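The values are calculated or read from the model by the stated rules, or taken from the named source; none is laboratory data. All values reported here derive from a predicted model rather than from experimental measurement. Cβ coordinates were reconstructed from backbone atoms using ideal geometry, including for glycine residues, and neighbour counts include every protein chain displayed. All accessible areas refer to the heavy atoms of the entire protein, side chains included, with ligands and DNA or RNA removed. Shrake-Rupley method; radii C 1.70, N 1.55, O 1.52, S 1.80 Å.
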Amino acid sequence: MPTYKRIILKLSGEALADQNGVGIDTTVLSDLADQITYLHKKDIEIGIVIGGGNILRGAEAEKLGIDRATGDYMGMLATIINALALQNALLQRDIDARVMSSFTIPEVAEPYILAKALSHFSKKRVVIFGGGTGLPFFTTDTTAALRALEVKADAIFKATKVDAVYSDDPLMNKDAIKYKEITYTEFLLKNLKVMDSTAVSLCRDFKLPIILFSMIGKDTLIKAVLEGKIGTVIKEG
């Protein structure tokens, strides 16, 4: 089991949502903040990239007649709302957490500057990256890959609604194969949808491992990071 000094945690907006997949569930938020606090006290430096799908997705905005680019910007603003909620939960636990945004909203978040982010890590702060890439048509998975490479993280941990990577949707196909490990190339060739292909390609180019796991269950983030007994590892063959 690798020992991680610095990780990027990729959270979908849905990871914070209630049972209907919308809004922010305070119980879920509290549990997540507790697990992040535990890892932080183990001297693991944590950067977090968070989505906004519990509030709005760009693709969903299109269905409402909103231009895709505009919808993506709306979705990026939604990630800031989630980032602020998570920051507040961590501050309540005496964890110094900073929100950095890829676009300028100084009243609520610092602008993302790499040197400043690295300074935060050196001062043992949790850094929450909001606003996606700051550009439309890119997912927050891609943001996670970019930020992980920039800050030289040891791995990306992606929390999803499923417990691992499968050959097919396990909810639709009971014979779907569960992977303990899979290479980047296999993942891309099989066209698996659980993570954005652009993000996986970036990680392949720089040999950055991805650990995909489910947030559902007790202490799953802690188990994924410290024990490595759950989820799927996407890495070089």
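Structural remarks
- Once C-alpha pairs closer than 8 Å and six or more residues apart are averaged by separation and normalised to the residue number of the chain, the relative contact order reads 21 percent.
- Calculated accessible area for the chain comes out at 49 Å² per residue, all protein chains present (probe 1.4 Å; ligands, DNA, RNA ignored).
- Taking the 1.4 Å solvent-accessible surface of the range 151-201 as the whole, the part contributed by carbon and sulfur is 52%.
- Computed with a 1.4 Å probe on the full set of protein chains, the accessible area for TYR179 sits at about 40 Å².
- For the chain, adding -39500 (n - 2.57) for each run of n ≥ 4 DSSP H residues and dividing by the number of residues yields -10500 deg cm²/dmol at 222 nm.
- The spacing between the range 6-26 and the range 109-164, judged by their C-alpha centroids, is 15 Å.
- The range 64-127 - percent of accessible surface contributed by carbon and sulfur, probe 1.4 Å: 59
- Simple point charges give the picture: +1 on the Cβ of Lys and Arg, -1 on the Cβ of Asp and Glu, and for the chain a dipole about the Cα centre of about 640 debye.
- Most positive-pole-ward Cα, ALA89, ALA176, LEU226, against dipole of the chain from beta carbon charges: LEU226
- Residue pairs exceeding 18 angstrom between C-alpha atoms, taken from LYS180/LYS235; LYS5/LYS41; LYS42/LYS116; LYS123/LYS158; LYS124/LYS152: LYS42/LYS116; LYS123/LYS158.
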